[in-house]
1. From the list A272, A253, which one is touching an Asp or Glu at 6+ places or on another chain (Cβ under 9 Å), more than 19 Å from A133 (Cβ to Cβ) and within 13 Å of ligand 2 (Cβ to nearest atom)?
2. How many residues are closer than 18 Å to S7 by Cα and charged (D, E, K, R) when one looks only at the stretch 208-260?
3. I want to confirm something. Restricting to the stretch 23-67 and keeping residues that are under 23 Å from T172 (Cβ atoms) and free of Cβ contacts under 8 Å to residues at least 24 places away in the same chain, which single residue is surrounded by the most Cβ atoms within 10 Å (Cβ to Cβ)?
4. Is it fair to say P70 is farther than 29 Å from L264 by Cβ and out of contact with any Lys or Arg (no Cβ under 9 Å at 6 or more places or on another chain)?
5. Could you please find all residues in the stretch 145-157 being more than 18 Å from E234 (Cβ to Cβ), surrounded by fewer than 19 Cβ atoms within 10 Å (Cβ to Cβ) and near ligand 1 (Cβ under 9 Å from one of its atoms)?
6. Consider L102 carefully, then state whether it is in a helix (DSSP H, G or I) and either more than 19 Å from V139 (Cβ to Cβ) or touching a Ser or Thr at 6+ places or on another chain (Cβ under 9 Å) (or both).
7. Can you tell me which residue within the stretch 238-269, out of those that are surrounded by fewer than 19 Cβ atoms within 10 Å (Cβ to Cβ) and away from ligand 1 (no atom under 14 Å from the Cβ), is nearest to S300 (Cα to Cα)?
8. Pairs needed: first member in the stretch 263-291, among the charged types (D, E, K, R); second member anywhere, modelled with pLDDT of 95 or more and in a loop (DSSP other than H, G, I, E, B); C-beta distance under 6 Å; at least 6 residues apart or different chains.
Amino acid sequence: MTVIPVSLGDRSYDVRIAPGLLARAGDLIAPLAGKRPVAIVTDSNLGPHLATLRASLAQSGVAAEPIILPPGEASKSWSMLEQLTDTLLSLGVERDDHVIALGGGVIGDLVGFVTAILKRGCNFIQVPTTLLAQVDSSVGGKTAINARAGKNLVGAFHQPALVLIDPDVLATLPPRELRAGYAEVVKYGLIDDAGFFAWCEAQGAALLAGDASARATAIAHSVAAKARIVGADERETTGTRALLNLGHTFGHALEAETGFTDRLLHGEAVAAGMALAFAFSADQGLCADEDAARVAAHLSAVGLPDGLAAAGITASGEALVAHMRHDKKMAGGTLPFLLARGIGRTYLDKTVDLAAVADFLNRQPR
Ligand code: NAD
Ligand code: ZN
């Protein structure tokens, strides 16, 4: 078992990673369980994994109350928040109880937010089941639902009490979802760890094809990177945590352009966005063309979009920049961008001219 601590004072917790962990989760959850049955919030695509978790809890003498939601981004809504809150209240959940989030980022974000506000805050345990959730969203305490005005606009910082990661559950994840999650793995290399990016170039294909050891290595490395960054800047106030947004400003514009639909998954948009962030950096003379080309080549080699054309985007630069102006990171008329001086050498630039971004995007192949 790999144990990675997230050090946040009295909000510290462990991330535990091991193949087959779901079937042994009961022993780790039992000490946190109270007298009431533990609520497990999940979605209807996770039936087999729910059964494994329930069996393990039962073996450890913990009764469970499953709450099964419809899968998909639409569940991060006001109406689902209300419904889930009422369900948990009707189960008598109390402040020192732990609610389990078994699922991808949608379930994790929703359960994280519900437990942030339920009785002014109760505990939750993340059991992430997508690669994206295992390497990114389950760690760090950002929780949210979507509002009419945009994604993740209503939420709270609320850290889980424990994160349990079983890489084996990825066996049932659709390959496209797996690949999308892999974009966030590559992100950690591009941010500040050129050696890890080189590892991705060598092992990424094997990881996606199912190599268990490559998966375990990538998950542990990614979680350790996220834990380090979150430990340094929990609430994104110093700029360190903002590094995790690499590719997300460009990516967000692509997601907005495709209406946040299945046409472009979040991780796919982030992949194209990272390629664009490097290409823009090279275009502005900040980083070598070879570095930008290397980023695009790896993303494309594993089947991720490496720019506008591969992401199926035909919109003009102006139209994409118009989406960026609605980004929640927009402050005082400027939008901070994660740019790169090279692979593993990204930094936050608050002086980017959006007209230059539009011009650059207009020059990208469609
Ligand atoms: P998701 O939760 O929608 O899961 C993707 C699909 O895979 C769903 O249909 C789900 O039912 C299915 N699924 C999940 N695990 C499975 C498994 N093991 N086997 C078979 N099917 C499985 O999507 P996601 O990519 O995990 O998360 C996306 C969400 O995460 C977005 O809402 C995004 O805003 C959020 N997010 C949050 C953070 C954060 O820091 N809180 C970071 C990144 C993303
Ligand atoms: Zn992301």
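1. On the way: A253 fails: within 13 Å of ligand 2 (Cβ to nearest atom).
After applying the criteria, what remains is A272.
2. Final tally of qualifying residues: 7.
3. R54
4. No.
5. Residue satisfying the conditions is K151 alone.
6. No: the conditions fail for L102.
7. For the stretch 238-269, the residue satisfying everything is R263.
8. E268/P305; D291/G342; D291/I343
The values are calculated or read from the model by the stated rules, or taken from the named source; none is laboratory data. Predicted, not measured: the structure shown is a model, and the values here were computed from it. Heads up, the Cβs are rebuilt from the backbone with ideal geometry, glycines too, and the neighbour counts pull from every protein chain shown.
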